[in-house]
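Values in this text are rule-based calculations from the coordinates and carry no lab data. Fair warning: this is a prediction, and the values are worked out from it, not measured in the lab. Heads up, the Cβs are rebuilt from the backbone with ideal geometry, glycines too, and the neighbour counts pull from every protein chain shown.
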Amino acid sequence: MASIEFVKVSKVFDRQPVIQDLDLNIEDGKFTVLVGPSGCGKTTLLRMIAGIDPQTSGSVLINGKDVTRIAPGKRGVAMVFQNYAIYPTMSVRDNIEFGLVNNKVPKDERTRLVETIGTTVGLGEYLDRKPSTLSGGQRQRVALARAMVKNPSVFLMDEPLSNLDAKLRVQMRIELIELHKKLGSTFVYVTHDQMEAMSMADTIVLMNHGVIQQEAAPEVVYRKPNNLFAAQFIGVPPMNIAPIGEDKTTFGFRPESAVVTTEPGEYHYSVKGTVVTREMLGSETIYQVKTVDGQAFMVKCPDDRFHVDQVVYLGVPADKLYFFGTDENRIDEQDARYRELLERLWGTAHG
Ligand SMILES: Nc1ncnc2c1ncn2[C@@H]1O[C@H](COP(=O)(O)OP(=O)(O)OP(=O)(O)O)[C@@H](O)[C@H]1O
Ligand SMILES: [Mg+2]
């Protein structure tokens, strides 16, 4: 068990600041997912926790203790990389045990541990096989088991599933959630895939350009995004955003929040448009609708009733609308501007 804390942490590469004065608390025993676009600093943060590539300034604390001067092997953390190195000439058993050999654990204790952990990750029957005879997902589990055998209080995982095909990835996602439940240790998981973040995280830490944009439970990031970046990074297709008025204030709605009809409906925001694309995905259909005022909105419908070139109306209820200020931050319902913007949108649509 361990909590992790970043206090005013900065990281400079070749005189280029990548992270500046970052503060972050990662709760003990939680599944925390660091998510953000490529190059935003996720791996950099993970490597600072592991001690592989320490911060330029500021402190990293594990369980309240500054670990700046503590060597990577002594921090009680284990890291699983995107390109996990398992040894092709060693059996699964030896690969897992390799995590222990340097720790002077007695032989019979090692055998017991390898078998218990091998079984935990579902490799009980494969312990004497060579990695080349395993599937991608099974190999991934060898890497996980090798990290687990060290009994770390913190698991650091850097895009561990990115080498797997879509189906295996979904399966491994579920296995990792279960593993986390079973172990109760702190998981810090890095991905640029927002679906992965949404499905696994207790807490999402959303980053952009080395700056934390939002730190909250997945449903909070989805329902109450802090700003335009969060609103458009989480969710597929992303939230629709369009200008409202002369300044840079914008409004938005999720693709699934718009109701599509062939006659104008009674919605707070309502606009006429033409279907320009249709993507039938089985359980839902995604349409792109070009509105009379030149906006292109994505809408997600449970049924497949419309065709390309059809004239339709999009309606969005008031409680599904979002507003963002000129600073790109979301304007909360409590904010005095909210009511005024809501009224302005009603005026635009029907004027
Ligand atoms: N060793 C290094 N030397 C110089 N710059 C580096 C080094 N490592 C990382 N960077 C830079 O720091 C920034 C953050 O890199 P980082 O690897 O943390 O991104 P990331 O969020 O993990 O991205 P990805 O999703 O592509 O893995 C990038 O702009 C990268 O170019
Ligand atoms: Mg990375």
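Here is how the numbers come out for the structure above:
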item: Sorted by Cβ density within 10 Å, fewest first, the residues HIS209, HIS307; result: HIS307, HIS209
item: Degrees between helix 336-350 axis and first principal axis of the chain (Cα, 0 to 90, nearest 10); result: 50
item: FRET efficiency estimate (nearest 0.05) - Cβ-Cβ, GLU263 to HIS209, R0 30 angstrom; result: 0.10
item: Rounded tilt (10° steps) of 136-148 against the dominant C-alpha axis of the chain; result: 60
item: Square roots of five times the Cα gyration tensor eigenvalues for segment 105-156, Å; result: 19, 15, 8
item: Overall Cα dimensions of the chain - principal axes, largest extent first, Å; result: 80, 45, 34
item: Farthest toward positive dipole pole in the chain [+1 Lys/Arg, -1 Asp/Glu at C-beta], among ILE174, VAL142, VAL292; result: VAL142
item: 0 to 90° range, to nearest 10: angle between helix 166-183 axis and the chain longest Cα axis; result: 60
item: Distant-in-sequence amide H partners of VAL205 (H built 1.01 Å from N, under 5 Å); result: VAL33, LEU34, VAL35
item: Length added when fully stretched, THR119-SER132, from 0.36 nm per residue minus Cα-Cα; result: 2.7 nm
item: Förster-model FRET efficiency, 56 Å R0, VAL311 and ASN163, C-beta, rounded to 0.05; result: 0.75
item: FRET E, pair GLU328, THR89, Förster distance 51 Å, beta-carbon r, rounded to 0.05; result: 0.45
item: Check: segment 272-351 dipole with +1 on Lys, Arg Cβ and -1 on Asp, Glu Cβ, in debye; result: 260
item: 12 Å beta-carbon shell around ARG339, net charge (K/R +1, D/E -1); result: -3
item: Scattering profile of segment 121-236 at q = 0.10, 0.22 Å⁻¹ [log10 I(q)/I(0), Debye over alpha-carbon scatterers]; result: -0.35, -1.28
item: From phi via Karplus (6.51, -1.76, 1.60), per-residue ³J(HN,Hα) for segment 186-196 in Hz, x at Gly/Pro; result: 7, 10, 10, 10, 9, 7, 9, 9, 5, 5, 4
item: Gain on full stretching of the segment that runs from ARG278 to ASP53 - 0.36 nm per residue minus C-alpha separation; result: 76.3 nm
